[in-house]
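Everything on this sheet refers to the single structure shown next.
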Amino acid sequence: MSARNATILVVVLLTAVATPLRVVNLGALSFYADEETSAMPARSLAEGNGPRMPTGMEYRRALPLTWLNAGAARLVGVDADVAYRIPTAVFGILTVALFFLAVRSFGGSRAAWLAALMLAVSEWHLVFSRQSRMYVAFLLFFIAGAWAIWSWAETGKRRWLVVAIPMAVGAVTMHQLGLMIVMFAFLPLVLPGRAKSSAVGLVAFAILIALGGWAYNEYFVLAPYFAHPPPANAGSAPAAPPASSASVLLVSLGAIGGIATLSAATVTLRKEYTEATMLGRLSLVLAATTAGVLAWIGQIYGACLAVIFYLILLPGERSTLLQRARLPIALVAVPCVIWMVVSVLGNGLRGGIKAVSEFPYPYPLYLAQQFPVILLMFGGACLVLALRRANQSDRPLRAAVLAGLLPIVAVGAVSRWGGTRYLFAAYPFLLSVASVGLVSVIDAAAKRLPSWKPFGTLVVGTVVVLSGVLGGHGVYQAMRVVNLDHGQPVNEAVHMYPFRPDHASLGRFLREQRSQGDLVIAEDPLQQWWYAGDPIDYWLRSFADSRAFLYSTPTGELRDIYVGSQLLTSSPDSLLDMAAGRVWLVTSGETAGLRSYFLDTAQARWLDSLETATEPAFVGRDGISKVFCLNCPPR
């Protein structure tokens, strides 16, 4: 069979695996998380009113997806939840085949097959492929753009640039995380070896995409939000406290550690520095300085990441590296050991480890809850590449390692917790590197077997992937997503909640029961607007948690920017006297177990008391979400 026909066969097989997993039971579950936030402007567009929220605010995030969702809604029906999930499911299916084609440029055909198969049966990718949100569409453009930019850099062929431009634009318009695609213009310039495209062209491309993407997000996407400024009493950021002697000491130690480590590394590894490109040397300087700074201020996790970056970028032999680099190694290792001992003695084992792993935020711990074995294989591949001489042939794999690490570091540096969905840009490269590791492990284990063929590795690897032993990937995990029920326990790190909440049946019950003059209070007014209809009068949420989504009316009311629900700033019982009709309360399973986060103390106490003393009028299919009538006669 020719290579072309083999490629077509693989793409067909992967598509056949991916498609039913992303379309069967697609509309069975209620919207949750922020799905309705994507569906509302698409419905408005389908009805001829432009991409607007119920308040009239234009919604411009992931605008191309909104157009596609609106098209699907016109065909299927604007009231059908499944309509707004169809485009994302299609993006998810296409991503699997695209991923196979792209990974061949980074890890070879066998690794590409295993990586794409992992994605096809990935619980994480399936969850987001079956939503109306933009993350899977973003991932498709990100993978395609990364592949095209890298291929342009490595081959010098401008046809790849023609592909790279629209793919990069697509990634940026789907999500601001798309700005990270510019790293693929820099990776060929900082890694050992030489790119065939000019450095000027690559840097210019990166600058144009970065500036254009930033301006698009700042002046177009966010413009409607600026037109709804937060309430005047939102308060200003507290004044920075005066620098303490401890903070001054940390800054001083960081400066000393950074300068000392950089100086020692530059002197002892001068030969390696001369082999690096200009941007490669700058990257080595940055990595060495960062390792020294973080080691000396007690951030061991961050220092270790910086060391990994340094070694991945470092040209030259590794056989004598430990002997020649004893001083810079000691300048990083010794303070790390001292800080670990001091931290554990002062905070206990768990608290001590946590204290030395605060920066950047340790997102790998949460990824390990999703797919531990894959993360372990990725880490093992990182160490092998770090300790192996860099050459031209392993540039793609080193680029994939850095592409997997950089988003994790970048998001962790600017956010203490934003959800692992913001690490989607790293995910395909974690899979591709782990797949290379899996192929290497199987080859190494089977090398003594007589007549072992590369195809045998492919078969064994396929069985391993489908079996589910890697965690978060496999037939069992995939089928569980397809057949998921409301309230069924799931991996919270993957699904964002410990079970799938039900908003739909509550809203439909309320739509049937409510009368003119009734008031509705909801923990999630957007979901209930979608299912129960307009209006959702009040939002039960703390001001601290809701402030970013509020605006102040001329009469001083605080209202949600999307559906106009008024923030309930007094006890819900106060509405009983003013209501002309019944007062309904709709709770949300999404806040279950997290009321101290979403509600203020008085609100949480009131809701706990209500649930204890009052029988709900309706209980959702998740067994947690409920509808209460606050002033109905006892049944």
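The single condition among (1) open to solvent by 40 Å² or more (accessible area, probe 1.4 Å); (2) part of a helix (DSSP H, G or I); (3) not acidic (Asp, Glu) that Gly623 does not satisfy is (2). Within region 243-276, restricting attention to residues that are buried (at least 18 other Cβ atoms within 10 Å of the Cβ) and under 32 Å from the mean Cα position of the chain (by Cα), which residue is nearest to Ile308 (Cα to Cα)? Looking at the filtered set, the residue picked out is Gly258.
Within region 202-225, residues that are closer than 22 Å to Val162 by Cα and small (Gly, Ala, Ser) reach partners that are open to solvent by less than 40 Å² (accessible area, probe 1.4 Å) and part of a helix (DSSP H, G or I) with beta carbons closer than 6 Å, at six or more positions or on different chains, in the pairs Ala206/Val182; Ala206/Ala185; Ala210/Val182; Gly213/Val172. Taken as a whole, the structure leaves Val441 outside the set of residues that are touching a strand residue (DSSP E or B) at 6+ places or on another chain (Cβ under 7 Å) and open to solvent by 10 Å² or more (accessible area, probe 1.4 Å). Here region 428-460 is the region considered, the condition is being among the aromatic types (Phe, Trp, Tyr) and without any contact (Cβ under 8 Å) to a residue 12 or more places away in the chain, and the residue that is nearest to Leu139 (Cα to Cα) is Phe455. Identify the residue in region 528-550 that is out of contact with any strand residue (DSSP E or B) (no Cβ under 6 Å at 6 or more places or on another chain) and not in a helix (DSSP H, G or I) and, among all such residues, is most open to solvent (accessible area, probe 1.4 Å). It comes out as Asp534.
For region 551-590, a residue qualifies if it is of a type in the set (D, E, K, R) and open to solvent by less than 30 Å² (accessible area, probe 1.4 Å), and the qualifying residues are Asp560, Glu590. Within region 596-628, if we keep just the residues that are touching a residue at least 40 places away in the same chain (Cβ under 8 Å) and out of contact with any Ser or Thr (no Cβ under 9 Å at 6 or more places or on another chain), the residue that is nearest to Leu519 (Cα to Cα) turns out to be Ala617. For Glu317, the conditions (1) without any contact (Cβ under 8 Å) to a residue 60 or more places away in the chain; (2) among the acidic types (Asp, Glu); (3) part of a loop (DSSP other than H, G, I, E, B) all hold with the exception of (1).
Residues in region 64-92 that are assigned to a helix (DSSP H, G or I) and open to solvent by 20 Å² or more (accessible area, probe 1.4 Å): Pro64, Trp67, Leu68, Gly71, Arg74, Leu75, Val76, Val82, Ile86, Val90, Phe91.
Looking across region 593-611 at every residue that is under 32 Å from the mean Cα position of the chain (by Cα) and aromatic (Phe, Trp, Tyr), the one that is farthest from Phe628 (Cα to Cα) is identified as Tyr597. Summed over region 363-408, residues that are within 15 Å of Tyr310 (Cα to Cα), open to solvent by 40 Å² or more (accessible area, probe 1.4 Å) and either part of a helix (DSSP H, G or I) or of a type in the set (Phe, Trp, Tyr) (or both) total 3. Each residue in region 308-333 was checked for being surrounded by fewer than 22 Cβ atoms within 10 Å (Cβ to Cβ) and out of contact with any Pro (no Cβ under 7 Å at 6 or more places or on another chain), and 17 of them qualify. Checked against the criterion of being within 31 Å of the chain's Cα centre (by Cα) and closer than 27 Å to Glu123 by Cβ, region 331-350 contains not a single residue that satisfies it. Within region 591-620, the set of residues being of a type in the set (A, V, I, L, M), open to solvent by less than 50 Å² (accessible area, probe 1.4 Å) and assigned to a helix (DSSP H, G or I) comprises Ala604, Leu607, Leu610.
Is at least one residue of region 307-318 of a type in the set (D, E, K, R) and under 28 Å from the mean Cα position of the chain (by Cα)? No, that holds for no residue. Checking the structure you have, find out if any residue of region 14-33 is open to solvent by 50 Å² or more (accessible area, probe 1.4 Å) and touching a Phe, Trp or Tyr at 6+ places or on another chain (Cβ under 7 Å). Looking for residues that are open to solvent by 50 Å² or more (accessible area, probe 1.4 Å) and touching a Phe, Trp or Tyr at 6+ places or on another chain (Cβ under 7 Å), one finds none in region 14-33, hence no.
For region 412-427, the candidate set comprises residues that are in contact (Cβ under 8 Å) with a residue 60 or more places away in the chain and not aromatic (Phe, Trp, Tyr); within that set, the residue that is most open to solvent (accessible area, probe 1.4 Å) is Arg421. For region 194-223, residues that are assigned to a helix (DSSP H, G or I) and modelled with pLDDT under 95 total 0.
The values are calculated or read from the model by the stated rules, or taken from the named source; none is laboratory data. The structure presented is a predicted model; accordingly, all values stated were derived computationally and were not measured. Don't worry about glycine lacking a Cβ; one is built from the backbone with ideal geometry, like all the others, and counts go over all protein chains shown. Surface areas here come from the heavy atoms of the whole protein model, side chains and all, with no ligands, DNA or RNA. Shrake-Rupley method; radii C 1.70, N 1.55, O 1.52, S 1.80 Å.
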